[in-house]
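First comes the structure, then the notes that go with it.
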Amino acid sequence: MRKFLVVLDDSRECLNAMRFAAMRAAHTGGGVAILSVIPPDEFNHWIGVGAVMREEARERIHAHFEVFAKWMRDKQGVDPELVIRQGESVPEIIAQVKDDPEIGVLVLGAAVDKKGPGPLVTQLTRNSGSLPIPITVVPGDLSKERLEAIT
C-alpha cells in the first residue's frame with residue numbers, strides 16, 4: 001500500500017498538509033504515516049532532565065497525533081500510523097522515506113507569510129532531486145472546500 005508521509009509539527013500549515021494527505025489516501029486506497037521529529041537540542045540540559053523532557057515531548061506528540069488521527073478515521077476512513085524520530089528534522093524525514101519503502105509521497109504544508117514557505121519546504125525542495133519520492137507542497141491557506149475539490 002502506498003503511504004503519504006506528512007510531518008506533524010506546531011506550524012499552522014501542518015493542518016492543510018494533514019487534510020490533503022488523508023483525503024488523497026482515502027481517494028486512492030492509500031495510507032498515511034505521520035512523522036514527528038524531536039529535535040536533539042531540546043534535551044541538552046542535564047542528563048536526568050533530558051529523559052523526562054523526551055518523555056513529555058512524546059506525550060505531547062501522541063496527544064496532538066490523536067486529534068488528527070480521530071479526524072482521519074471519522075471523516076476519511078483512514079487509520080494513520082505515528083512515527084517518532086529524534087534528531088534534525090530534514091535528515092530524519094529523509095531517513096524515514098528511505099526506511100519505509102511503502103512511502104510514496106511526502107506531503108508538506110507551505111506557510112503563507114512573507115518570510116517564505118517555511119524551513120522544511122525550503123530545505124526539502126533543495127534536496128528534492130535526490131529523494132526517491134515526489135514532494136507535494138500544500139498551500140497553508142487553501143480552504144477545506146478547495147482541498148476537497150483537488151484531492
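Table for the structure above
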{"read-out": "One residue from Ala57, Ala69 being modelled with pLDDT of 95 or more and within 30 Å of Thr125 (Cβ to Cβ)", "value": "Ala69"}
{"read-out": "Pair list, Cβ < 7 Å and 6+ apart or interchain, from region 50-71 residues that are farther than 17 Å from Ala33 by Cβ to residues that are among the aromatic types (Phe, Trp, Tyr)", "value": "Gly50/Phe43; Met53/Phe43; Arg54/Phe43"}
{"read-out": "All positions within region 44-100 that are more than 26 Å from Leu131 (Cα to Cα), among the basic types (Lys, Arg) and out of contact with any helix residue (DSSP H, G or I) (no Cβ under 7 Å at 6 or more places or on another chain)", "value": "Arg58, Arg60, Lys70, Arg73, Lys75"}
{"read-out": "Test: Gly118 is surrounded by fewer than 21 Cβ atoms within 10 Å (Cβ to Cβ) and either touching a residue at least 12 places away in the same chain (Cβ under 8 Å) or of a type outside the set (Lys, Arg) (or both)", "value": "no"}
{"read-out": "Selection from region 112-135 of residues that are within 23 Å of Pro80 (Cβ to Cβ) and over 14 Å from the mean Cα position of the chain (by Cα)", "value": "Leu131, Pro132, Ile133, Pro134"}
{"read-out": "Matching strands (runs of 3 or more DSSP E) fully within region 50-151 where at least 1 residues are closer than 15 Å to Ala25 by Cβ and charged (D, E, K, R)", "value": "81-86"}
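The values are calculated or read from the model by the stated rules, or taken from the named source; none is laboratory data. Given the structure is predicted, the values throughout are model-derived calculations rather than measurements. When we count neighbours, we look across all protein chains shown, and the Cβ atoms used for this are built from the backbone with ideal geometry, even at glycine.
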